[in-house]
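Undergrad: The structure follows.
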């Protein structure tokens, strides 16, 4: 579904991302992890077509991303930014319906499905600017899902969520990948939660891909432990350093 070929992104004369190559397949949930400043959010924006690589290319469904019309990109790819906010006083249902803009419609079935999936039925008519941070985050995730994209790119979707809500969101994303054939890439800082749900990991450090693979290959003391300066237990749970 997503293919990244030797991608480098240079800003102000320095590489922010350097020679990245990887794939994300249909039905996969891939966790993008790394320290602050590693380039995770920038990479996600690049996969969404919001940033062009200096060298290399990104393909989605076999098509070069930069060559796709914006409307096609918007239909294929759903992107949740790290600081997704809705400051205006619209009802939650109408905010979620904005996810249908790439199609030029307000189809009710996808909107209702997104509301149900994120447990927002009781809040659907509430003003989004009066919700808690966690409730608003769930509404913004629902807006992405209302567009029914085949590729989901979510930057810290569990931030602001309590443990039960975070678990529910990750379980939903896992189901969307495994049962509906979506390709899902998620930036996460909760490595224990990532280990529970992700099929594979991409570990970034200083813009380089330093490790890739399942939890056993990445969430260990020789790879992620070295990059983060932490240690892991036998079940990949983070332990005190």
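Undergrad: Given the criteria within 18 Å of residue 78 (Cβ to Cβ) and either in contact with a helix residue (DSSP H, G or I) (Cβ under 6 Å, 6 or more places away or on another chain) or free of Cβ contacts under 8 Å to residues at least 60 places away in the same chain (or both), does residue 131 qualify?
TA: no
Undergrad: Please verify whether region 135-142 includes one or more residues that are surrounded by 15 or more Cβ atoms within 10 Å (Cβ to Cβ) and outside any helix (DSSP H, G or I).
TA: no
Undergrad: Right, something else. With the requirement that a residue be touching a strand residue (DSSP E or B) at 6+ places or on another chain (Cβ under 7 Å), over 21 Å from residue 39 (Cβ atoms) and not in a helix (DSSP H, G or I), what does region 205-224 give you?
TA: Of everything in region 205-224, those that are touching a strand residue (DSSP E or B) at 6+ places or on another chain (Cβ under 7 Å), over 21 Å from residue 39 (Cβ atoms) and not in a helix (DSSP H, G or I) turn out to be 214, 220, 221.
Undergrad: Would you point out which residue out of 99, 78 is crowded, with 20+ Cβ neighbours inside 10 Å and either part of a strand (DSSP E or B) or touching a strand residue (DSSP E or B) at 6+ places or on another chain (Cβ under 7 Å) (or both)? So that I can check it myself, show each step before the final result.
TA: Working: 99 fails: either part of a strand (DSSP E or B) or touching a strand residue (DSSP E or B) at 6+ places or on another chain (Cβ under 7 Å) (or both).
Going through 99, 78 in turn, the sole match is 78.
Let's see how each residue does on (1) part of a loop (DSSP other than H, G, I, E, B); (2) modelled with pLDDT of 90 or more; (3) under 26 Å from residue 165 (Cβ atoms); (4) in contact with a strand residue (DSSP E or B) (Cβ under 9 Å, 6 or more places away or on another chain):
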{"residue": "74", "(1), (2), (3), (4)": "no, yes, no, no"}
{"residue": "87", "(1), (2), (3), (4)": "yes, no, yes, no"}
{"residue": "95", "(1), (2), (3), (4)": "no, yes, yes, no"}
{"residue": "105", "(1), (2), (3), (4)": "yes, no, no, no"}
{"residue": "122", "(1), (2), (3), (4)": "no, yes, yes, no"}
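Undergrad: Restricting to region 182-204, name every residue that is part of a loop (DSSP other than H, G, I, E, B) and surrounded by fewer than 22 Cβ atoms within 10 Å (Cβ to Cβ).
TA: Answer for region 182-204, where residues must be part of a loop (DSSP other than H, G, I, E, B) and surrounded by fewer than 22 Cβ atoms within 10 Å (Cβ to Cβ): 189, 190, 199.
Undergrad: Name the single residue that is surrounded by the fewest Cβ atoms within 10 Å (Cβ to Cβ) among those in region 50-70 being in a helix (DSSP H, G or I) and under 20 Å from the mean Cα position of the chain (by Cα). Let's see the steps before the verdict.
TA: The first filter runs over region 50-70 and keeps only residues in a helix (DSSP H, G or I), leaving 65-67, 70.
Add one more test, that the residue is under 20 Å from the mean Cα position of the chain (by Cα), and what stays is 65-66, 70.
Values: 65: 23, 66: 12, 70: 9.
Here the answer is 70.
Undergrad: Same structure again: Give the residue that is surrounded by the most Cβ atoms within 10 Å (Cβ to Cβ), with candidates limited to residues of region 225-241 that are more than 22 Å from residue 15 (Cβ to Cβ) and touching a strand residue (DSSP E or B) at 6+ places or on another chain (Cβ under 7 Å).
TA: 232
Undergrad: Look through region 155-170, keep the residues that are touching a helix residue (DSSP H, G or I) at 6+ places or on another chain (Cβ under 7 Å) and closer than 15 Å to residue 48 by Cβ, and return whichever of them is surrounded by the fewest Cβ atoms within 10 Å (Cβ to Cβ).
TA: In this case the residue turns out to be 155.
Undergrad: Tell me which residues, restricted to region 6-34, are surrounded by fewer than 16 Cβ atoms within 10 Å (Cβ to Cβ) and either free of Cβ contacts under 8 Å to residues at least 60 places away in the same chain or more than 21 Å from residue 78 (Cβ to Cβ) (or both).
TA: 6, 8, 10, 11, 12, 13, 14, 19, 21, 23
The values are calculated or read from the model by the stated rules, or taken from the named source; none is laboratory data. Fair warning: this is a prediction, and the values are worked out from it, not measured in the lab. Don't worry about glycine lacking a Cβ; one is built from the backbone with ideal geometry, like all the others, and counts go over all protein chains shown.
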